[in-house]
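Okay, so here's the structure we're looking at.
What follows is calculated from the coordinates using simple rules that are stated; it is not laboratory data. Here the structure is a predicted model, which is why all the values come from computation and not from measurement. Note that each Cβ is placed from the backbone with ideal geometry, even for glycine, and that neighbours are counted across all protein chains shown.
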Amino acid sequence: MKKQFYPIPIILITVITSTALLTAPDNKVYTVQEALNNYEKLEGKTITIQGEIRQGSVACTQMFCGNNSCCNSYSGGIKLGGTSSVPLRGEEIGCSGNECNITCTPQTGKEYRVKGILNQSYGQKHFQIEKYSKVKQ
């Protein structure tokens, strides 16, 4: 009897352990201010920006909770930068939780290097993240 072999799918997972892997093709790491100042030149291109992650605006339900003080759902976006900032978009990017605990991904208050595409929709500039990595302090 002849043996049959069946191909086994192989899944490769890339784990980013170095911010060096997050440098865009032009090898420049922009500050948020530099990226926004050069928006016309950088729009639609893959670039790397470094800055602090901050919580954006958050929306929440307004239910009467009774004895359960943590019953309202919270969700919202995150942004990169301080005074000059750009909202971040991407899969599993943002904040969620309730009035007792809100969790953000990536973590707010930390410096990150993000690689992605600077774009605009409905008149608002945003950064579509492809990869991100926390900068070691």
- prompt: Limited to segment 72-89, what total is found for residues that are assigned to a loop (DSSP other than H, G, I, E, B) and out of contact with any Gly (no Cβ under 8 Å at 6 or more places or on another chain)?
  reply: 3
- request: Taking the residues in segment 41-60 that are loosely packed, with under 15 Cβ neighbours inside 10 Å and touching a Phe, Trp or Tyr at 6+ places or on another chain (Cβ under 8 Å) as candidates, determine which candidate is farthest from residue 91 (Cα to Cα).
  value: 60
message: Yes or no: segment 63-77 includes at least one residue that is in contact with a strand residue (DSSP E or B) (Cβ under 7 Å, 6 or more places away or on another chain), under 15 Å from residue 31 (Cα atoms) and hydrophobic (A, V, I, L, M, F, W, C).
response: no
message: Condition first: farther than 20 Å from residue 105 by Cβ and not aromatic (Phe, Trp, Tyr). Now tell me which residues in segment 55-69 satisfy that.
response: 61, 62, 63, 65, 66, 67, 68, 69
- prompt: Just for segment 66-125: of the residues that are more than 14 Å from residue 53 (Cβ to Cβ) and surrounded by 16 or more Cβ atoms within 10 Å (Cβ to Cβ), which one is nearest to the chain's Cα centre (by Cα)?
  reply: 115
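The rows are residues; the columns are (1) under 20 Å from residue 39 (Cβ atoms); (2) without any contact (Cβ under 8 Å) to a residue 24 or more places away in the chain; (3) outside any strand (DSSP E or B).
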position	(1), (2), (3)
70	no, no, yes
91	no, yes, yes
102	no, no, no
117	yes, no, no
